[in-house]
1. How would you rank 224-232, 115-123, 195-203, 13-21, highest first, on the average number of other Cβ atoms within 10 Å across their residues?
2. Report, by chain and number, residues whose modeled amide H sits under 5 Å from the one on THR192, excluding near sequence neighbours (fewer than 5 apart, same chain).
3. Give the order of SER244, SER98 when sorted by the count of other beta carbons within 10 angstrom, beginning with the fewest.
4. Which value, in debye to the nearest 20, describes the size of the charge dipole of the chain about its Cα centre when Lys and Arg Cβ atoms bear +1, Asp and Glu Cβ atoms bear -1, and nothing else is charged?
5. Rank-order 35-45, 134-144 by packing density, defined as the average count of other C-beta atoms within 10 Å over each peptide's residues, highest first.
6. With respect to the cross-link table entries LYS125/LYS180; LYS134/LYS174; LYS46/LYS166, which display a Cα-Cα separation exceeding 21 Å?
7. Check the straight Cα-Cα distances from LYS69 and name the lysines below 16 Å, setting aside those fewer than 8 residues away within the same chain.
8. Over the Cα atoms of the chain, what is the Rg over Rh ratio if Rh follows Kirkwood?
Amino acid sequence: MTEDLDLSYRAQLAGWRVVYQPEVVVPAELPVQVMGFKRQQFRWAKGSIQTARKLLGRLWRSENPLWRKALGTLHLTNYAIHPLMVLNLLLTLPMALSKSPWLRLAPLFMLSAVGPPLMYWVAMKETAEARPLKRRLGRLLMLIVLGMGLSVNNTRAVIEAVLGIKSAFRRTPKFAVMAKESAWYGSSYVLTGDWMIWWELLLMLYAAFLIVWSLAHMMWWLVGWLALYAAGYGCMVCLSLVQSRRAAAQRPPQSGPRTGRLYGRPARSKAGIDVGG
């Protein structure tokens, strides 16, 4: 799924040196549809774990120093954080009901979540386009929310990679969007089937219940963390629904069976390749 990651690691294991040059600009189009974004993330998450399964043994048998092996392991398995995020949410209620004295230390573990936002904050400061502080904070918060919302989608990808479940390479649909006013909803490349939102909806309701429960039991320190979960899953569900409905309204009528329902599957060609992305 991620042949570029596989190639770069095998090149370095063969003795090549990779140099990062931040001044080189490579134009790219980001997915504007949330289902396309989730498809892209699914591919990256599954491909990273597939590459980890393939190359971790070679990495640890290589002559690289221990610190480089450790960093390579963290890099190749970084998407494993998403199953842990889902598990963390699911275990919140059982842990709270246990009334263990160790729960008082739980807020300290929030410090482990500072790393990724700090990295993105530094990255935003390094970009050529200067943005006001308020706008950067808003974007950082949205990035964290999106990361929470992707945890269900990427958990499925990680599980499939660990279990060796094969799937087709489903590319990310692009619409040549150059401005906010670009009309892309009527394109035949728009994705309309996403059954994963039902799991996201269920976890959103669970997180919302935990917020109310935490407030009722004076566990206020859980509220902020749970609010990020609820907002993340809610964001994914709302964006998927709104974009799907709008695309269905603007898409021209077609003959033959319809696959535009939210729980349906994309049309497929005889070769098994997704039609339109």
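What follows is calculated from the coordinates using simple rules that are stated; it is not laboratory data. No experiment lies behind these values; they were computed from the predicted model shown. With ideal geometry, Cβ positions are generated from the backbone for all residues, glycine too; neighbour counts draw on all protein chains shown.
1. Sorting 224-232, 115-123, 195-203, 13-21 by mean packing, highest first, produces 224-232, 195-203, 115-123, 13-21.
2. none
3. Values: SER244 23, SER98 11.
Going from least to most buried by this count: SER98, SER244.
4. Around 400 debye, computed over the chain.
5. 35-45, 134-144
6. Exceeds cut-off: LYS125/LYS180; LYS134/LYS174.
7. Leaving aside lysines fewer than 8 places away in the same chain, those within reach of LYS69 are LYS54.
8. 0.98
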